[in-house]
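Below is one structure, written out as structure tokens; comments come after it.
The values are calculated or read from the model by the stated rules, or taken from the named source; none is laboratory data. The structure displayed is predicted, hence computed values, not measured ones. No Cβ is skipped: glycine too gets one built from the backbone with ideal geometry, and neighbour counts run over all protein chains shown. Heads up: the accessible areas ignore ligands, DNA and RNA and are worked out on the full protein's heavy atoms, side chains in. Shrake-Rupley method; radii C 1.70, N 1.55, O 1.52, S 1.80 Å.
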Amino acid sequence: MTDLRTRIFYGSGGAVYAAKESAYAMFILLFYTQVLGLGGTITGAIIATSLVWDSISDPLVGSLSDRLRSRWGRRHPFMALSVLPLGIGFIGLFSPPQAVIAEPALLAAWLLFWSLWTRTFVTTFSIPHLALSAEITDDYHQRSQVLGARLAFMFLFSVLLPAVGLLLIFPTEGGEDGRFVAANYPGYGALSCAVAWVAATTTLLGTRGHIRSTRDAPVPRGGGRVLTALTRDLLRTLQNRSFRMVITYEFACMTAYGVIISLNMLVWTYLWEFSPEESSVVLSLPSLLAITLVMLTLGPLGRRFPKHRLMQFGLAGMILNCLWLYPLKLAGLLPDNDGTLVFALNFLFMLIFMYCFLLRSICTQSVIADITDEHELSHGLRQEGGFFSMINLINKSATVLGPLYAGLALDAIGLRAGLLPGNVPAATLDGLIYALGLGVIPPLLVSLALAMKISMSEEQVNSVQAALRQRRERGGAITP
């Protein structure tokens, strides 16, 4: 069983991943296109390229951490060595020098270099940290609580960090929107760096008591070249039918999510004409409420419904939530943007979306932790890093499409650098809504259809774990 202290110390590491996600979801596309003047298509292509590298490095790091044998366990050495460089990466992303800004080719190269740097070291921290969750506990419900703590911190900081930035670093001063002032962005990079360093250090120190369990776990064996062995480890995870089903459903869902996070800030800025302060509120408060509601309801819901059913409920809620606010805007049935009703409706929209997405995400990762038990029963080894890195590979492969799609959409609808809220043609704003809808609703529908084929009940997991206990008592093992 895991106590609250363990869940908090472990969960705090989610803020590291959140710092990277919020940087790209909220500010990178806006900063490099609308503020620095880099073309939307090239910016989207660069972000997509860095995501491709991210999707390659994830499974490599996961498999390497599965195979590591050291006095500090399998996961902690990777996490510790990542702390300093990942923080520096945020400073580099948001602080291009003036000589670089003046040359589009140099600016593109700068964005690519620091994107690769930041994503690499966030990966070498986050993948081992995620794999550690399956080693902290093997209880069906406790795994959801442990992963729920990580995702709660992740979502908490993914909204708090940009919300604080919007209030303190990008405020409107003298009638000028702080999001369009280039000199403000290095401050946000420093804030992201500080959050990542504190969160990573907290998790490292707070989970050191679990180093022994990682040291004692069975690891993959087998000779041959390192790359061949790593590839074999990763391909072995795909032999599990349940995992293959999770991968296909997750790819479709994260394709939609990649579009959402790429366009969200632009929609708030241009379509709804929210000020930085309003954007901060609609980003943070609904998400904080949703996180609280999920953590309060996860236990009761988990006792009533299996994890796979909660995944399906979350997806259905996300789809239904897409079908009211933006169609009302297109139909001209909403008042002007300066009214409180528009703000309140966006608040409600974000609350529903964040609750459904967070519930779905927690249950999905908890199912993957349970699948690692099935894998150990079949192959006699534990590959938590391999499984979680493979799902991250799928996630990032899917979200590659988000910034690429968003960059192409911005150029297609004519949302050019220099356009300010209130001065954008109506046709461009309508195009922004259509771009969002076409990029989100179809993949979510596909994801729901695939999720309906996934099953992982408590009875299934308990049966697998009972068989594993019997094998350990007999001293049996399978050597791959």
Worksheet entry | Cβ crowding within 10 Å averaged over residues, with 69-82, 289-302 ranked highest first | 69-82, 289-302
Fill in: Taking the chain and dividing mean pair separation by its residue count, relative contact order in percent (alpha carbons under 8 Å, at least six apart)
29 percent
Worksheet item: How many nm is it between the label spots at Lys453 and Leu4, if each spot is 7 Å from the Cα in line with the beta carbon?
Response: 4.3 nm
Worksheet item: Got a sec? Charge dipole of the chain, +1 on Cβ for Lys and Arg, -1 for Asp and Glu; which of Thr255, Pro97, Gln383 is way out at the positive end?
Response: Gln383
Fill in: Order of exposure, largest accessible area first, which applies to Phe305, Phe90 with probe 1.4 Å
Phe305, Phe90
Worksheet item: How far, in degrees from 0 to 90, does helix 104-136 lean away from the longest principal axis of the Cα atoms of the chain, to the nearest 10?
Response: 40 degrees
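Quick check: residue separation of Ala190 and Arg303 times 0.36 nm, minus the Cα distance between them. What number comes out in nm?
Numbers: separation 113, 0.36 × 113 = 40.68 nm, distance 4.25 nm.
Taking Ala190 through Arg303 to full extension adds about 36.4 nm, to one decimal.
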Fill in: 3J(HN,Hα) from dihedral phi, the range 3-14, Karplus parametrisation 6.51/-1.76/1.60, rounded to Hz, x for glycine, proline
8, 4, 4, 4, 5, 5, 5, 5, x, 4, x, x
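R0 = 60 Å: FRET efficiency of Thr201 with Leu333, Cβ-based, nearest 0.05? Walk me through the intermediate numbers first.
Values: r = 50 Å, r/R0 = 0.84.
It comes out at approximately 0.75.
Order 198-208, 55-65, 132-142 from most to least packed using the mean count of other Cβ atoms within 10 Å.
On the way: 198-208: 19.1, 55-65: 23.6, 132-142: 20.9.
Ranked by mean Cβ neighbours within 10 Å, highest first: 55-65, 132-142, 198-208.
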Response to the item:
To the nearest 20 debye, the range 1-76 has a Cα-centred charge dipole, built from +1 on Lys and Arg Cβ and -1 on Asp and Glu Cβ, of 480 debye
Worksheet entry | Extension reserve of the Arg471-Ala109 stretch, reckoned as 0.36 nm per residue once the Cα distance is removed | 124.9 nm
Fill in: Fully extended contour minus Cα-Cα distance, from Arg232 to Leu285, at 0.36 nm per residue
14.6 nm
